[in-house]
Every structure is written in C-alpha cells, then in structure tokens.
1. Using a 1.4 Å probe on the protein heavy atoms, what percent of the accessible area of region 1-76 belongs to carbon and sulfur?
2. Counting only protein heavy atoms, what percent of the accessible surface of region 185-245 is carbon or sulfur at a 1.4 Å probe?
3. Kindly report the accessible area of the chain per residue (heavy atoms of protein chains, probe 1.4 Å, no ligands, DNA or RNA), in Å².
4. Run the numbers for GLN44 and ALA178: contour at 0.36 nm per residue of separation, minus the present Cα-Cα distance, in nm.
5. Only four residue types carry charge here, +1 at the Cβ of Lys and Arg and -1 at the Cβ of Asp and Glu. Report the dipole size of region 11-253 about the Cα centre in Debye, rounded to the nearest 20.
6. Read phi for every residue in region 106-119 and hand back ³J(HN,Hα) as whole Hz from Karplus 6.51 cos²θ - 1.76 cosθ + 1.60, θ = phi - 60°, with x for Gly and Pro.
7. Taking N as the number of residues in region 85-200, what is its Cα Rg relative to 2.2 N^0.38 Å?
8. Once phi is turned into θ = phi - 60°, what whole-Hz ³J(HN,Hα) does the Karplus curve with 6.51, -1.76 and 1.60 give for every residue of region 49-60, x standing for Gly and Pro?
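The values are calculated or read from the model by the stated rules, or taken from the named source; none is laboratory data. In this text, all values refer to a predicted model and were calculated from it rather than measured experimentally. Note: ideal-geometry Cβ built from the backbone for every residue, glycine included; neighbour counts use all protein chains shown. The area values use the complete protein model at the heavy-atom level, side chains included, leaving out ligands, DNA and RNA. Shrake-Rupley method; radii C 1.70, N 1.55, O 1.52, S 1.80 Å.
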Amino acid sequence: MASLFDLSGSTALVTGSTRGLGFAYAQGLAEAGARVILNGTQQQRLQEALGRLSASGHDALGACFDVADESAVEAAFAAWDEQGVEIDIVINNAGIQHREPLLEVSLANWQRVLDVNLNSAFLVGRAAARRMVARGRGGKIINIGSLTSEAARATVAPYTAAKGGVKMLTKAMAAEWAEFDIQCNGIGPGYILTDMNAALVENLEFDRWVKASNPTHRWGKPEELVGTAVFLAAPASRYVNGQMVYVDGGWLATL
C-alpha cells in the first residue's frame with residue numbers, strides 16, 4: 001500500500017509555492033519523497049521558502065519566473081533541460097484574486113486574472129507535457145481550481161471565469177494526453193485559512209457566512225488539501241483522469 005503513495009525518485013514543480021496552499025502542496029509532496037521545485041516571482045520570498053523546506057531535510061530547488069509569461073515559462077523549462085532536470089509532476093497553483101463589481105472591472109484587470117489563474121496552467125502544463133510525451137513514461141498534472149469552478153459569487157467574476165476555465169482545461173488535457181499515460185486532474189479548495197483569504201477571515205459578516213453555509217461550520221486548513229494532492233500525484237491515481245476533486249467540507253453538496 002505504501003508504494004501507491006510513494007513519490008521517491010520523482011520531481012515536482014509547484015507554481016506559486018512560496019507560501020499558502022502552494023507551499024503546503026510542495027511540502028506534502030516532499031514528505032512523500034519527491035524533489036520539489038518551488039516557484040514565485042519574488043526572489044527573497046522564494047529563498048525564504050526554500051530555507052524552510054531545506055531545514056526540514058527536503059530536497060528542493062527554486063525557480064523565480066512569471067508563469068503567465070510564455071517566454072519566461074519556455075526559458076525555465078529550457079534551463080531544466082540543460083541541467084538534466086526532468087519534471088514528472090506539476091501542480092499549477094499560481095493564482096491571484098480581484099474583487100470588484102463586474103460593471104466596474106477593467107479589461108486590464110480581467111485579463112491579468114485570467115493570465116495568472118488560467119493561461120499559466122496552459123503554458124506550464126503544455127511545456128511539461130511536451131517533455132513527458134517525449135520521455136515516454138507519463139506524468140501527472142494537477143490544476144488548482146476553486147469552488148468558483150462550479151458556483152459563482154458576486155464581485156469575483158474574473159476569478160470565476162478563470163477557475164471555470166481551469167476545470168475545462170483539465171478535462172481537455174486529460175482527453176488529449178491520457179494515451180501518453182499522463183493523468184490530468186484538478187483540486188477545488190473550499191474556503192481555506194490562507195494569506196489570500198486573510199481579509200475575508202477578519203470580516204465578521206463573511207466569516208459568519210462561511211461557517212453558516214458549510215456543513216462543517218468552519219474554514220478549512222491548508223494541510224487538509226495535502227492528502228488529495230499527494231494522491232493525485234502518486235501511482236494510486238493512475239486511472240483517475242479529467243476529474244475535479246473538491247476539498248470543501250461539503251459546501252458544494254449543500255447547494
């Protein structure tokens with residue numbers, strides 16, 4: 001049974017992983033035996049995150065680049081090719097939020113949210129899959145969606161459109177790459193206690209709404225997503241493909 005969840009000998013890239021859920025995913029994969037590549041756009045924050053993993057005895061690398069920039073993504077993968085780094089697992093976690101009434105959203109803000117949340121998953125996933133196909137030994141791509149992959153809320157329309165797109169991108173990837181033994185699945189986190197949600201947690205009205213609308217009556221914790229990430233990255237999920245797994249305490253079940 002242990003071998004089904006053993007990631008020893010594999011290398012995993014986790015985008016947007018210097019803090020929050022991204023770091024939790026990376027730490028979980030590292031604890032399952034993978035060498036992890038942390039990614040972010042701020043060098044100092046990246047080094048601090050690498051230090052935390054290294055202090056725990058994990059094998060980790062860092063890559064500072066913008067996952068929404070096609071040339072930067074291609075350059076990063078080209079550099080790994082030269083270094084002999086072969087990525088077996090990708091978690092497309094990088095994301096940003098923008099809260100504003102839809103009537104007031106500028107095209108620039110709309111585009112930036114789609115670029116970071118959706119287009120980056122396409123760019124990084126495509127670059128990784130090209131190499132997985134060429135190597136001929138398969139791989140794992142995990143795209144991070146959201147409750148808004150299924151349900152909309154007011155004032156987060158760009159994010160909702162992007163995360164809905166992530167769900168369908170995941171299915172498209174699975175449909176095209178399954179024959180190469182590449183499994184492409186997604187995780188849809190519920191309302192989780194992260195830095196991104198700090199303002200919402202501190203908003204008493206929103207905090208009450210989250211707890212009242214969820215059958216668990218609480219926020220989720222970052223570590224409660226790690227098991228799902230390890231499962232989808234591991235041999236245990238080799239015949240699971242094109243799925244979105246919602247880790248939300250049952251929130252969607254009550255809609």
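1. Looking at region 1-76 in its full context, I get 47 percent from C and S.
2. Ligands and nucleic acids excluded, carbon and sulfur give 56 percent.
3. 46
4. 44.4 nm
5. Roughly 420 debye, rounded to the nearest 20.
6. 7, 4, 4, 5, 4, 5, 4, 5, 5, 4, 6, 8, 10, 4
7. With N residues counted in region 85-200, Rg over 2.2 N^0.38 Å equals 1.14.
8. 5, 4, x, 5, 5, 5, 5, 8, x, 8, 8, 9
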